[in-house]
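Enquirer: The structure that follows is given in the form of structure tokens.
The values are calculated or read from the model by the stated rules, or taken from the named source; none is laboratory data. Note that this is a predicted model, so its numbers are computed, not measured. Neighbour counts are summed over all protein chains in view; Cβ atoms, including those assigned to glycine, are modelled from backbone coordinates with ideal geometry.
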């Protein structure tokens, strides 16, 4: 007999949330899909470099996926608060499966060109723009508040297990079956994910009023963001750090390691080590509940500057791997705490739009960071650009510590509650303070 949504049964514990039927299926869908996602960046990177050897082309293809994600995230957020969220996620998975399989066929038949890979990456990003807001807002509908932190921690561990295993095997897969074959595996994982998500039974969101016009609801989502100082300053901070530090490193990292004589396998292993660190960080949140969540998010996010600083100082694959492992722990903590804070501070009927603002701010300047990294590295060198990235990134990260509301925000009381069996409040009810 299936468990009723929102009513965990059986013994409590850190994995009790997996007894929830719908959460378990979302967990399995993500676990399979993210494994493929972990393969594709490594495979795509070396597919582009194999076609042209151009760092600029690599930056363009990587940026092509992020541009529509940033441009359409807010649109996806509005529809995530209007339409059944699980259905949106299934449709997105099916579109991305078709995109990845098409890219795989082009690469395997030798017909691929950089512009084709860029167009397909853009289609992938467009579909993802509708998936992310729906996925971020779905969890509170199927998990009671007392289990949200543990649910987010488990999702983080699943996410990062895939990103650990995927990149670790990507180099071998590219060598054995080619970049096209590796990307085809990602396409199949989207189909598996869609099959899990298609069986969800998600309670409808209770709305405070009738649906309004698209522009009105879009503005209402922005009001939810701007009315919370801690929220909009943290979104701005993330936008800057991702553009200045994290995005350029996706180009500078492989270039720096290749200049030292390393192969695709080294970069893949470093990405896997980072994901292993994130799994450890997510596991810590089973017990750790920060008293000032946004301060913790800022401090953990600031660790991003350690990676370009390591490259600037001449560190090789081993040093970079150690830094990535430590940074992964911080990011694992950051993600679980950030997601839970949004889910408990924002009303359910607006959570899709706020999640969309989160994704839009994260990706708004990401394409620029990717696109300029290659040309700037060719003009000034990888080492010089890493110094600039680390210095500017530090300033872009820590300024929010001077904002009073960042210090004043405290977690919702429910985050400290024991994970005893309890009914969920109606979807869309105000968070408990």
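Enquirer: Whether any residue in the range 275-286 is in a loop (DSSP other than H, G, I, E, B) and surrounded by fewer than 20 Cβ atoms within 10 Å (Cβ to Cβ) is what I want to check. Reasoning before the result, please.
Expert: As a first pass, look at the range 275-286 and keep what is in a loop (DSSP other than H, G, I, E, B): 285-286.
The next check asks that each one be surrounded by fewer than 20 Cβ atoms within 10 Å (Cβ to Cβ); those that pass are 286.
Yes, the conditions are met somewhere in the range 275-286.
Here's the yes/no breakdown for (1) within 15 Å of residue 253 (Cβ to Cβ); (2) modelled with pLDDT of 90 or more; (3) over 16 Å from the mean Cα position of the chain (by Cα); (4) in a helix (DSSP H, G or I):
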residue: 350; (1), (2), (3), (4): no, no, yes, yes
residue: 356; (1), (2), (3), (4): no, no, no, yes
residue: 359; (1), (2), (3), (4): no, no, no, yes
residue: 369; (1), (2), (3), (4): yes, no, yes, yes
residue: 372; (1), (2), (3), (4): no, no, yes, yes
residue: 377; (1), (2), (3), (4): yes, no, yes, yes
residue: 388; (1), (2), (3), (4): no, yes, yes, yes
residue: 393; (1), (2), (3), (4): yes, yes, yes, yes
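Enquirer: Report whether or not residue 56 is touching a residue at least 40 places away in the same chain (Cβ under 8 Å), crowded, with 24+ Cβ neighbours inside 10 Å and assigned to a helix (DSSP H, G or I). Spell out how you get there, then give the answer.
Expert: Details: touching a residue at least 40 places away in the same chain (Cβ under 8 Å): yes; crowded, with 24+ Cβ neighbours inside 10 Å: no; assigned to a helix (DSSP H, G or I): yes.
Answer is no for this residue.
Enquirer: Could you list all residues from the range 199-217 that are within 27 Å of residue 143 (Cβ to Cβ) and at pLDDT below 85? Steps first, please.
Expert: Kept after step one, since they are within 27 Å of residue 143 (Cβ to Cβ), are these residues of the range 199-217: 199-209, 211, 217.
Of everything in the range 199-217, those that are within 27 Å of residue 143 (Cβ to Cβ) and at pLDDT below 85 turn out to be 202, 203, 204, 205, 206, 207, 208, 209, 211.
Enquirer: So how many residues does the range 78-100 have that are outside any helix (DSSP H, G or I) and crowded, with 24+ Cβ neighbours inside 10 Å?
Expert: Pass one, the range 78-100, residues outside any helix (DSSP H, G or I): 81-84.
Pick out the ones that are also crowded, with 24+ Cβ neighbours inside 10 Å and you get 81.
Residues that pass the stated criteria total 1.
Enquirer: Restricting attention to the range 107-118, does a residue exist that is surrounded by fewer than 21 Cβ atoms within 10 Å (Cβ to Cβ) and within 21 Å of the chain's Cα centre (by Cα)? Before you say what the answer is, go through the steps one by one.
Expert: Let us first name the residues in the range 107-118 that are surrounded by fewer than 21 Cβ atoms within 10 Å (Cβ to Cβ), namely 108-111, 113-116, 118.
Checking which are within 21 Å of the chain's Cα centre (by Cα) leaves us with 118.
Yes, some residue in the range 107-118 is surrounded by fewer than 21 Cβ atoms within 10 Å (Cβ to Cβ) and within 21 Å of the chain's Cα centre (by Cα).
Enquirer: Got a number for residues in the range 232-271 being touching a residue at least 24 places away in the same chain (Cβ under 8 Å) and not in a helix (DSSP H, G or I)? Before you say what the answer is, go through the steps one by one.
Expert: Initial filter on the range 232-271 (touching a residue at least 24 places away in the same chain (Cβ under 8 Å)): 233-257, 259-260, 262-271.
Those still in the list that are not in a helix (DSSP H, G or I) too: 260, 262-263.
Residues flagged as touching a residue at least 24 places away in the same chain (Cβ under 8 Å) and not in a helix (DSSP H, G or I) within the range 232-271 amount to 3.
Enquirer: Taking the range 313-323 as the region of interest, how many residues are crowded, with 20+ Cβ neighbours inside 10 Å and more than 14 Å from residue 254 (Cα to Cα)?
Expert: 1
Enquirer: Any residue that is touching a helix residue (DSSP H, G or I) at 6+ places or on another chain (Cβ under 9 Å), free of Cβ contacts under 8 Å to residues at least 12 places away in the same chain and either surrounded by fewer than 24 Cβ atoms within 10 Å (Cβ to Cβ) or not in a loop (DSSP other than H, G, I, E, B) (or both) - is there at least one of those in the range 145-163? Walk me through it before giving the result.
Expert: Initial filter on the range 145-163 (touching a helix residue (DSSP H, G or I) at 6+ places or on another chain (Cβ under 9 Å)): 145-163.
If we keep only those that are free of Cβ contacts under 8 Å to residues at least 12 places away in the same chain as well, we get none.
No; the residues of the range 145-163 include none that is touching a helix residue (DSSP H, G or I) at 6+ places or on another chain (Cβ under 9 Å), free of Cβ contacts under 8 Å to residues at least 12 places away in the same chain and either surrounded by fewer than 24 Cβ atoms within 10 Å (Cβ to Cβ) or not in a loop (DSSP other than H, G, I, E, B) (or both).
Enquirer: Right, residue 340: assigned to a helix (DSSP H, G or I), crowded, with 24+ Cβ neighbours inside 10 Å and either in contact (Cβ under 8 Å) with a residue 24 or more places away in the chain or touching a strand residue (DSSP E or B) at 6+ places or on another chain (Cβ under 7 Å) (or both) or not? Let's see the steps before the verdict.
Expert: On the way: assigned to a helix (DSSP H, G or I): yes; crowded, with 24+ Cβ neighbours inside 10 Å: yes; either in contact (Cβ under 8 Å) with a residue 24 or more places away in the chain or touching a strand residue (DSSP E or B) at 6+ places or on another chain (Cβ under 7 Å) (or both): yes.
Yes, satisfied.
Enquirer: Scan (1) modelled with pLDDT of 85 or more; (2) under 30 Å from residue 147 (Cβ atoms) for the single condition residue 239 breaks and write down its number.
Expert: Every listed condition holds for residue 239 apart from (2).
Enquirer: Mind listing whichever residues of the range 139-156 are modelled with pLDDT under 85 and more than 20 Å from the chain's Cα centre (by Cα)? Lay out the reasoning, then the answer.
Expert: Taking the range 139-156 and keeping what is modelled with pLDDT under 85, we get 145-146, 156.
Listed by number, the residues that qualify are 145, 146.
Enquirer: Hey, another quick one. List every residue pair whose Cβ atoms lie under 6 Å apart, where the two residues are 6 or more positions apart in sequence or sit on different chains, the first residue falls within the range 164-193 and is on the phi > 0 side of the Ramachandran plot and in a helix (DSSP H, G or I), and the second residue, located anywhere, is at pLDDT 80 or above and surrounded by fewer than 18 Cβ atoms within 10 Å (Cβ to Cβ).
Expert: So the pair list comes out empty.
Enquirer: For the structure I just gave you, tell me whether residue 222 is surrounded by 16 or more Cβ atoms within 10 Å (Cβ to Cβ) and closer than 24 Å to residue 367 by Cα.
Expert: When the stated conditions are applied, residue 222 does not pass them.
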